[in-house]
Amino acid sequence: MVNFKYKQMNSVSESDINAYAEKLALADKYLREKSGAGNDFLGWRDLNVRPEGEEYARIKACAQRIRENSDILIVIGIGGSYLGARAVIEYLKTPYHNQLKTGDPEVYFLGNSFSGGELNAVLSLCENKRVSLNVISKSGTTTESAVAFRILREYMESRYGREEAAKRIIATTDANRGALLSLAKQEGYECFVIPDDVGGRFSVLTAVGLLPAAVAGVDTDALLNGAIAQRDAIMNAGLDNPCYKYAVVRNVMLDKGKTNELLVSYDPDFRFMGEWYKQLLGESEGKDKKGLFPASVTYSSDLHSLGQFVQDGSPIMFETIVRATNPDPNSPKLPFDTANGDGLNFLTGATMDEINEKAMMGTLLAHRDGGTDSAIIDFGGKDAYSLGELIYFFFAACAISGYILGVNPFDQPGVEAYKKNMFALLGKPGYEDGKEALLEKIKTI
Ligand code: PA5
């Protein structure tokens, strides 16, 4: 199970925590009774996709087919429609999974920017390789993904012919509406559903994350089972549980003027989990002029860049360290060196994991002395079950933290603003009105 430690934080006292008792009880009630703001987006709470369900069987069968007939899977999606899948794959299979000769298909992510260079690079990797495509979009109209999909659909059809391309394109989208669904039906693509009651950032444990992860060779049974176990642990606990403590501590820190949360990992493979967390917490809480700004860092690398600021700079942040408690059995050991020119013989026989642990503890204490508080989230580590537990822990903590903060954790009204301007500037029909005013404003830039 995932644990949360905060006793070492200088700025958080038991009375700070207790002061939140009433708000926490209300947040818990909202989650249990589905009676809070955004309650129709709580599908993730009981996990829409269950290991014994029909949808999951189809996901696994499709993944198996792709594993047999493809060397590369390209996943098109942005935000909640890609971050979770990439995070799970990179954490469990390493960011080098595409280069390692594991026998698993390579998985690339496109449609999460307007970078033509990136798209061209991935297409060049597809030469002489068998390719499948999973296009993921709940709305079916997101411009970044739609642009990439139009180009890649043409690539697939000119390479394989329309009929074979249709067998190699899988659409993950809304069950009943949207441009992507209409096209998928017209072309006969296999379709998976992003449930109505799950927002993008809560969708990694649906087909959105499970299909790419299963293609990459992730043990998705274990991922789901870990999430279910964590769900049961939280829902069976009272208010005094680690997940809720984390949610409360986040709000206490905000009260104390710490406006930024730094999610810290000492494992570079966790980098995209940090990206996923930023969307989850940032989009859920950053509204109504409220919320902690979520950032993520990888130590010890970033101790050599941002470390100076965290130790000594403006006191605007606290750290949440995500720590894997299971040791890495393959962690390399430092060999003895007769010359000892680097002076490292005192570490002979130590694993890199052990050195990392000392770096972590040393840093935590130094940051505490410098006035930066650090909380710790402990979870098992680099296995799918433990990652499933951690993902669910963050889901529930995000919901409770948002409810305590007094926002609707499940909408994202602010995401639309840039789209309106972009559509007007691109000349999208229906957006003509704003264009002249925007062009005038651009002249002043
Ligand atoms: O969390 C969200 O809602 C967003 O980040 C969306 O996931 C993102 O904009 C992609 O949307 P869609 O799946 O509709 O293409």
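Out of the residues in the range 183-213 meeting the condition of being among the small types (Gly, Ala, Ser) and within 17 Å of residue 77 (Cα to Cα), tell me which one is nearest to the ligand (Cβ to nearest atom). Residue satisfying both the conditions and the ranking: 200. Does any residue of the range 323-331 turn out to be closer than 25 Å to residue 92 by Cα and either out of contact with any Asp or Glu (no Cβ under 8 Å at 6 or more places or on another chain) or of a type in the set (Phe, Trp, Tyr) (or both)? Yes, some residue in the range 323-331 is closer than 25 Å to residue 92 by Cα and either out of contact with any Asp or Glu (no Cβ under 8 Å at 6 or more places or on another chain) or of a type in the set (Phe, Trp, Tyr) (or both). Residues of the range 118-132 include none that is within 16 Å of the ligand (Cβ to nearest atom), of a type outside the set (A, V, I, L, M) and either open to solvent by 50 Å² or more (accessible area, probe 1.4 Å) or within 14 Å of residue 74 (Cα to Cα) (or both). In the set (1) open to solvent by 50 Å² or more (accessible area, probe 1.4 Å); (2) assigned to a helix (DSSP H, G or I); (3) among the acidic types (Asp, Glu), the condition left unmet by residue 144 is number (1).
Please go through the range 39-62 and give me each residue that is assigned to a loop (DSSP other than H, G, I, E, B), surrounded by fewer than 19 Cβ atoms within 10 Å (Cβ to Cβ) and not charged (D, E, K, R), ordered by number. Steps first, please.
Pass one, the range 39-62, residues assigned to a loop (DSSP other than H, G, I, E, B): 42, 47-53.
Those still in the list that are surrounded by fewer than 19 Cβ atoms within 10 Å (Cβ to Cβ) too: 50-53.
Within the range 39-62, 51, 53 qualify.
Yes or no, residue by residue, for (1) on the phi > 0 side of the Ramachandran plot; (2) touching a strand residue (DSSP E or B) at 6+ places or on another chain (Cβ under 8 Å); (3) touching a residue at least 40 places away in the same chain (Cβ under 8 Å):
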position: 298; (1), (2), (3): no, yes, no
position: 314; (1), (2), (3): no, no, no
position: 328; (1), (2), (3): no, yes, yes
position: 332; (1), (2), (3): no, yes, no
position: 362; (1), (2), (3): no, no, no
position: 375; (1), (2), (3): no, yes, yes
position: 378; (1), (2), (3): no, yes, yes
position: 386; (1), (2), (3): no, yes, yes
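Looking across the range 147-156, just one residue is closer than 24 Å to residue 61 by Cβ and either open to solvent by 30 Å² or more (accessible area, probe 1.4 Å) or assigned to a loop (DSSP other than H, G, I, E, B) (or both), and that is 153.
Open to solvent by less than 10 Å² (accessible area, probe 1.4 Å) and either within 16 Å of the ligand (Cβ to nearest atom) or touching an Asp or Glu at 6+ places or on another chain (Cβ under 9 Å) (or both): does that describe residue 83? Step through it out loud before you land on a result.
Values: open to solvent by less than 10 Å² (accessible area, probe 1.4 Å): no; either within 16 Å of the ligand (Cβ to nearest atom) or touching an Asp or Glu at 6+ places or on another chain (Cβ under 9 Å) (or both): yes.
Judged against the criteria, residue 83 is not a match.
Output the residues belonging to the range 189-217 that are in a loop (DSSP other than H, G, I, E, B) and open to solvent by less than 20 Å² (accessible area, probe 1.4 Å).
As a first pass, look at the range 189-217 and keep what is in a loop (DSSP other than H, G, I, E, B): 189, 194-199, 203-206, 216-217.
Once the filter is applied, which keeps residues that are in a loop (DSSP other than H, G, I, E, B) and open to solvent by less than 20 Å² (accessible area, probe 1.4 Å), the range 189-217 yields 189, 194, 198, 199, 203, 204, 205, 206, 216.
Could you check how many residues of the range 387-445 are open to solvent by less than 80 Å² (accessible area, probe 1.4 Å) and part of a helix (DSSP H, G or I)? Count: 34.
Can you confirm whether the range 10-30 contains a residue that is modelled with pLDDT under 95 and either among the polar types (S, T, N, Q) or open to solvent by less than 40 Å² (accessible area, probe 1.4 Å) (or both)?
The first filter runs over the range 10-30 and keeps only residues modelled with pLDDT under 95, leaving 10-11.
Narrowing further to those that are either among the polar types (S, T, N, Q) or open to solvent by less than 40 Å² (accessible area, probe 1.4 Å) (or both): 10-11.
Among the residues of the range 10-30, at least one is modelled with pLDDT under 95 and either among the polar types (S, T, N, Q) or open to solvent by less than 40 Å² (accessible area, probe 1.4 Å) (or both), which makes the answer yes.
Looking only at the range 245-278, residues that are open to solvent by 30 Å² or more (accessible area, probe 1.4 Å) and in a helix (DSSP H, G or I) come to 7 in all.
Hey, could you check the range 312-355 for residues that are under 37 Å from the mean Cα position of the chain (by Cα) and among the charged types (D, E, K, R) and say which is nearest to residue 382 (Cα to Cα)? Applying the filter and picking the extreme gives 328. Taking the criterion of being within 12 Å of the ligand (Cβ to nearest atom) and assigned to a helix (DSSP H, G or I), the residues of the range 168-182 that qualify are 179, 180, 181.
Scan the range 97-116 for residues that are open to solvent by 50 Å² or more (accessible area, probe 1.4 Å) and either among the β-branched types (Val, Ile, Thr) or assigned to a helix (DSSP H, G or I) (or both) and the total you get is 1. For the range 157-188, taking the residues that are without any contact (Cβ under 8 Å) to a residue 60 or more places away in the chain and surrounded by 23 or more Cβ atoms within 10 Å (Cβ to Cβ), the one that is nearest to residue 41 (Cα to Cα) is identified as 173. Just one residue in the set 349, 291, 282 is exposed (fewer than 12 other Cβ atoms within 10 Å of the Cβ) and modelled with pLDDT of 95 or more; that residue is 349.
The values are calculated or read from the model by the stated rules, or taken from the named source; none is laboratory data. Model, not experiment: these values are computed from the prediction. Every residue, glycine as well, gets a Cβ built from its backbone with ideal geometry; the counts of neighbours run over all protein chains shown. Just the protein is used for accessible areas: all its heavy atoms, side chains included, with ligands, DNA and RNA removed. Shrake-Rupley method; radii C 1.70, N 1.55, O 1.52, S 1.80 Å.
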